[in-house]
Amino acid sequence: IDGTAQAGIHAYLHLNEDDALAVAAEVDRLRAAGGADAAALHPLAGVPIAIKDNIVTSQQPTTAASKILEGWMSPYDATVVQKVRDAKLPVLGKTNMDEFAMGSTTEYSAYGVTRNPWDLERAPGGSGGGSASAVGAYMAPLALGSDTGGSIRQPASFTGTVGTKPTYGSVSRYGLIAMASSLDQIGPVARTTADAAALHELIAGHDPKDSTSLITEWNDLASAAQTRDLTGVRIGVLEELQGSGFSEQIQQRFDEALQLLRDAGADVVAIDCPNMSYALPAYYLIVPSEVSSNMARFDGIRFGNRVVPEADSTVKEVMAATRAAGFGDEVKRRIILGTYALSAGYVEEYYGSAQRIRTLVQQDFARAFENVDVLISPTTPTVAVPLGEQVSDPASMYANDVATIPANLAGIPAVSIPGGMAEHDMPMGIQIQAPATRDAVAYRVAGGLE
Ligand code: GLN
């Protein structure tokens with residue numbers, strides 16, 4: 001990893017060079033020796049990977065970009081890390097992110113911003129800006145991210161990379177520091193659809209340690225990405241999203257992509273999903289509600305930093321001081337919002353309404369997928385914003401996620417691929433969504449369009 005690029009972009013919070021080089025050397029030795037051991041190597045063996053810092057690693061620190069976890073070491077590896085290590089992918093390091101994955105620009109990291117490799121004055125997106133920038137800047141060929149409302153796809157779109165939010169339950173969440181457990185999903189970031197699909201296939205599969213992981217086979221993803229044939233594929237364009245304020249050039253690139261799909265033999269039709277426009281407000285009630293519960297474990301007693309104000313402080317005082325010092329503003333904002341949305345007297349009106357909208361969004365998708373194989377849209381309304389522009393305006397930051405959130409609410413897979421350059425000579429992304437467990441279809445269309 002080039003030190004200057006890391007200094008300029010700050011994709012990594014922690015580098016793991018010695019261990020990565022040792023794994024790479026071992027793969028070289030096995031390949032050179034030939035025979036059964038070499039033949040048994042995974043196709044991705046020796047391909048380095050970067051890991052988002054909310055995925056726990058026993059060999060390196062894990063902070064989720066929060067002060068509250070500074071200096072903490074996980075006693076175990078996340079299942080995805082175990083799989084990556086077993087397949088002998090050298091782990092390059094842990095990547096920067098918004099604190100506990102709450103944010104859309106990586107500016108909410110407690111350890112400094114990450115810059116967009118295409119324009120250092122712009123954000124790389126978030127929360128997985130570090131993983132996307134590492135791949136976009138050629139500092140890692142592969143990375144793992146996590147996507148609760150777009151945190152893999154939106155940064156991928158902003159950095160000209162490919163990113164997937166898998167079907168909920170496709171990839172084990174064991175060892176992913178929970179943000180909103182009913183939405184979180186680990187997924188791949190890569191430079192091509194084929195690479196993303198190959199990594200997805202490696203990390204997917206049932207895990208007895210995650211009771212929400214599906215008992216499904218995922219062995220057709222890499223081959224689907226290489227089909228390169230779109231004849232007869234039915235593609236739906238979400239009418240409701242057309243009014244979501246997509247910038248002029250993003251809309252142009254999207255229209256060009258639709259034409260490419262038609263030229264390749266796909267049928268492109270308009271699809272009506274009337275409840276899609278309620279997805280964003282519903283998400284920003286459901287997420288803080290789950291956040292307020294998930295953040296309760298960071299109490300200064302069990303993990304990481306502890307602030308003890310006085311020698312005779314009570315347990316409650318220690319917890320309050322630890323959380324006051326350890327959490328950033330956005331995390332606190334969501335804990336307060338979520339606690340309010342769940343409080344007696346309001347829970348039906350806020351959390352209950354949001355859950356009902358979630359069901360309506362799921363039903364919209366189910367109806368849409370009776371008529372089409374995939375749904376397609378731009379991944380984000382705009383290209384990457386300048387650093388500092390949205391950091392003090394949470395509502396404008398939340399609006400980034402309008403096209404990515406519905407897939408999380410419905411648990412369906414979505415792949416973002418580069419769709420060309422838009423405003424300010426910045427990359428834009430095109431998102432392909434498929435029915436739950438049909439991740440292969442999303443990869444087929446993504447690969448065909450690429
Ligand atoms: N930007 C969204 C949020 O802040 C998405 C985050 C994510 O997917 N982790 O909630």
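Let's see if you can work this out: charge +1 on each Lys and Arg Cβ, -1 on each Asp and Glu Cβ, no other charges. What is the dipole magnitude of the chain about its Cα centre, in debye to the nearest 20?
680 debye
Per-residue HN-Hα couplings for segment 79-88, Karplus 6.51 cos²θ - 1.76 cosθ + 1.60 at θ = phi - 60°, whole Hz, x for Gly and Pro?
So the Karplus estimates, Gly and Pro as x, are 4, 5, 5, 4, 5, 5, 5, 4, 7, 6 Hz.
Step through the table entries LYS83/LYS332; LYS67/LYS165; LYS52/LYS316; LYS67/LYS94; LYS67/LYS88; LYS209/LYS316, compare each Cα-Cα distance with 25 Å, and write down the pairs that go over it.
LYS83/LYS332; LYS67/LYS165; LYS52/LYS316; LYS67/LYS88; LYS209/LYS316
Could you point to the residue in ALA64, ASN96, THR164 farthest towards the positive end of the chain's charge dipole, with +1 and -1 charges on the Cβ of Lys/Arg and Asp/Glu respectively?
ALA64
How about segment 20-100: which GluC sites (Glu not before Pro) there are in a DSSP loop, with at most 14 other Cβ atoms within 10 Å of their Cβ?
Filter output for segment 20-100: GLU70.
Loop only by DSSP, 14 or fewer other Cβ within 10 Å of the Cβ. Give me the GluC sites (Glu not before Pro) in segment 194-251 that pass, ordered by residue number.
Here the GluC sites (Glu not before Pro) that fit, given the DSSP loop and packing criteria, are GLU217, GLU239.
Run the numbers on the chain and let me know its relative contact order in percent, using alpha-carbon pairs under 8 Å that are six or more apart.
Value for the chain: 19 percent.
In whole angstrom, note down how far apart the Cα centers of segment 246-304 and segment 1-72 are.
Their Cα centres are 29 Å away from one another.
Over the Cα atoms of the chain, compute the convex hull volume and normalise it per residue, giving Å³.
Residue-normalised Cα hull volume stands at 142 Å³.
Put one equal scatterer on each alpha carbon of segment 276-350, apply the Debye formula with no solvent term, and list log10 I(q)/I(0) at q = 0.15, 0.28 1/Å to two decimals.
Scattering profile of segment 276-350, log10 relative to I(0): -0.59, -1.20.
Work out the FRET efficiency for ALA40 and LEU260 from their Cβ-Cβ distance, taking R0 = 41 Å, and round it to the nearest 0.05.
0.55
Determine ³J(HN,Hα), in whole Hz, for all residues of segment 172-178 in sequence, where each value follows from phi through the Karplus function 6.51 cos²θ - 1.76 cosθ + 1.60 and θ = phi - 60°; x replaces Gly and Pro.
4, 9, 5, x, 8, 5, 5
Filter the GluC sites (Glu not before Pro) in segment 323-384 to those in DSSP coil with at most 16 other Cβ atoms within 10 Å of their Cβ, and list the result.
Sparse-neighbourhood loop GluC sites (Glu not before Pro): GLU370.
Return the sequence-ordered ³J(HN,Hα) values of segment 207-214 in whole Hz as given by the Karplus equation 6.51 cos²θ - 1.76 cosθ + 1.60 applied to θ = phi - 60°, using x for Gly and Pro.
Values, residue by residue: 10, x, 7, 10, 5, 8, 7, 7 Hz.
Evaluate 2.2 N^0.38 Å with N set to the residue count of segment 140-215, then give the Cα radius of gyration divided by it.
The value comes to 1.03.
Quick note: the coordinates plus some simple rules give every number you see, no bench work behind them. Computed from a predicted structure; not experimentally measured. Quick reminder, even Gly has a Cβ in these numbers, built from the backbone with ideal geometry, and neighbours come from all protein chains shown.
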